[in-house]
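S.K.: The structure follows.
The values are calculated or read from the model by the stated rules, or taken from the named source; none is laboratory data. In this text the structure is predicted, and so the values were computed from the model without any measurement. Here the Cβ is made from the backbone with ideal geometry for all residues, glycine too, and neighbour counts use every protein chain on show. Heads up: the accessible areas ignore ligands, DNA and RNA and are worked out on the full protein's heavy atoms, side chains in. Shrake-Rupley method; radii C 1.70, N 1.55, O 1.52, S 1.80 Å.
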Amino acid sequence: MSQYVILCVEYDPSFLKQMLDELQPLTSQFVVIGVTTVADARQKLHEMHQNNQNPCVIVCENQMPDIQGSVFFVELMQNIFTRDSRKILLGQDTNAHTLIEAVNSARLDYFIPKPWKTGDLLQTVVAQATTHILAKDPNPLAFLQTLEHDRIIQTHLQKQFRKIQDGFLESSAMTDQELTLKLIGAMYTHFASTNNVNKTYRRYSANHKLTVEGETSKFLWFVAKGEVVHKKQLSDGTLQEVMKEGEGAIVGLMSFVSNEKAFVSTQTTCSTEVIKLDREAFAEVMSANNELLPLFTNLLIRHLNRRLRKSISTELKLQETLKTLSFAEQKLIESEKMSVLGQLVAGVAHELNNPVAAIIRSTEHLKEGIPYILDSDLSREWYPLGRDVMLRSMTSPPLSTSETRARTKAVTQWYDSMSLARKVVQLELDGENHYKKYFKKLNESQLEEVIDYLNNFYQMGNFLRNIEVCGSRIAEMVKGLKTHAQQDTLVKRTEKVQDQLEDTLMIFSNKLKNIEIVREYQELPPIECLPAELNQVWTNLLSNSIEAMKEQGIIRITTQMSPDSQDETMIQVIVEDNGPGIPQAHLQQIFDINYTTKREGNFGLGIGLTSCQQIVRKHQGKIVVESEETVYTRVTVTLPVRNPELE
């Protein structure tokens, strides 16, 4: 017998039969009971209590002969056994004031007028049962076939995400030794449960090879106990020891993940215990339970961080060694090496700061916004529309300024305030059909409350898109670093510059609160480019404009076909601000390395515009800066649509 019961109370046998017939699809997982008197209902509830059954939903006719349904619900609220049951009232010509009072006092969850349309009762019961199951049942996924699939899945994913997030934060506070020991135990337990311990947990003697330089690593090795040494083959064929690592070391990570050749050879130095993961086992770990995934991810991040620090440290030690050479040779080599290293390190620090900060800010907003949109009293009625708004804002690019103004003006006939009309346009709910369907029935106070509630969904979508964009940007930067270190070439792709510009604006969203962005986008063909490098150009240009205006002013972004291009083979991106401008005497120097006009107190290395110029030239384009003091600064970037020579 099912644990959950749906109780229907209706004095009219014909209506009761209609109710039971309509709820028939739920009988696979719920006990559906019908009675004709409140007295019988009390008896059934008593039997449920004795049988440890849960009265999930109670549907009751208001005009019962022995007692009104609304009064019966008051009785149910006073009983701890039925207090949490979802209560649906049926009736004809029921006083609206009475219904509102009942809803506000939590005596009533939903009202259905009689006669109802076929399917309305089933839909309402399913919605209320879903709410009850999500609150009371430890395994709501078992009800996917009968209840609201999307709500159950979403709630489950949110709980899983919170568990993973909490696990990651908890593991971040651990020492390396604590994290390693806990991860070893968790991995051993996990693979023991899948009968794969013998396959993954290995013990090797000294000098056992794990990875071989120049060959692709088919396995990822996690050192549980012992020590390994990394060696690099020199030009004369000898092996040079790079470093040794012990418990907690991850071997073959870069080659395993990228499927590229290993940069060094690694072997054990003594009796060593390892956890050996092939691609199948690695995928299993990455999709494992909430305890294992945060631990493993945290260790991977620490490992990559140390690799980067050690690479920089090794480079710096190399620079120190070069100082022992003759003065002329030292000046020649040091100048070149320090220039490359300085630009690389400074560029990485500068470029990573914005997307990392944006992810942190977006996460903070999500922590505040998600509980609000889920716990709001408006959720029951407006959540589905809000979800649509959020999904749309995650994928749709923002409207241009001119289109926003035009559409706002068009809908002011329906909304009292320009601000409210602009929000409706931003939510893309400005059609007449949207107004009639959703907003016409609302008074001014309700309308503002609902629009603000829906706007939270729009912001959540933007923040999620922001996180995705920033994560991709960081991944591109890491890939660029790796490519630079291995003398690889970046992958050329065809992309729209408007999308790149919008992604960059999203990263700077926190700095644009008091800055108006005017978009004047002309539809342009996608261009062949190296996206990661062009993104660096847009980041530097917008960063310069924002800092020049002291976070207050106007930035105008224009995209158009180049006026000098007769056959539409060149495009232009123009970034103009109304900041303090650049003195004419300085315009000739702005592309010189180490030259900066940043005000005192702002971080400026003088490599931003130099880097932009190099990237634009690499794309067979040109960059021009025009400025008038106290009036404007305008940067025009011209790029070819097709770029067959770009590598």
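S.K.: May I ask which of 225/276; 17/114; 182/218; 261/618; 209/244 have a Cα-Cα span longer than 18 Å here? Write out the running numbers ahead of the final one.
M.R.: Working: 225/276 13 Å; 17/114 14 Å; 182/218 25 Å; 261/618 28 Å; 209/244 14 Å.
In this structure, 182/218; 261/618 exceed 18 Å between Cα atoms.
S.K.: Okay, next question. Compare the peptides 406-413, 83-90 by average per-residue count of other Cβ atoms within 10 angstrom and give them in order, highest first.
M.R.: 83-90, 406-413
S.K.: What Rg and what Dmax come out for the stretch 1-72 when only alpha-carbon atoms are used, in angstroms?
M.R.: 11.8, 32
S.K.: Please report the accessible area of residue 15 (heavy atoms, 1.4 Å probe, ligands and nucleic acids excluded) in Å², nearest 10.
M.R.: In the full protein context, residue 15 sits at about 40 Å².
S.K.: Classify the stretch 353-462 as rounded, prolate or oblate, taking a ≥ b ≥ c as the square roots of the eigenvalues of its Cα gyration tensor: rounded when a/c is under 1.5, otherwise prolate if a/b is larger than b/c and oblate if not.
M.R.: Working: a/c = 2.21, a/b = 1.33, b/c = 1.67.
Oblate shape, in that a/c is at least 1.5 and b/c is the bigger or equal ratio.
S.K.: Here's another thing I want to ask about it. If you average the C-alpha positions of the stretch 535-553 and of the stretch 396-459 separately, how far apart do those two centres end up, in angstrom?
M.R.: After rounding, the separation between the Cα centres reads 30 Å.
S.K.: Evaluate the charge dipole of the stretch 410-450 about its Cα centre and quote only its size in Debye, nearest 20, assuming +1 on the Cβ of each Lys and Arg and -1 on the Cβ of each Asp and Glu.
M.R.: Roughly 140 debye for the stretch 410-450.
S.K.: Between residue 301 and residue 120, what is 0.36 nm times their sequence separation minus the Cα-Cα distance? Round to one decimal in nm. Mind dumping the intermediate values first?
M.R.: Values: separation 181, 0.36 × 181 = 65.16 nm, distance 5.13 nm.
Stretched fully, the residue 301-residue 120 segment lengthens by 60.0 nm.
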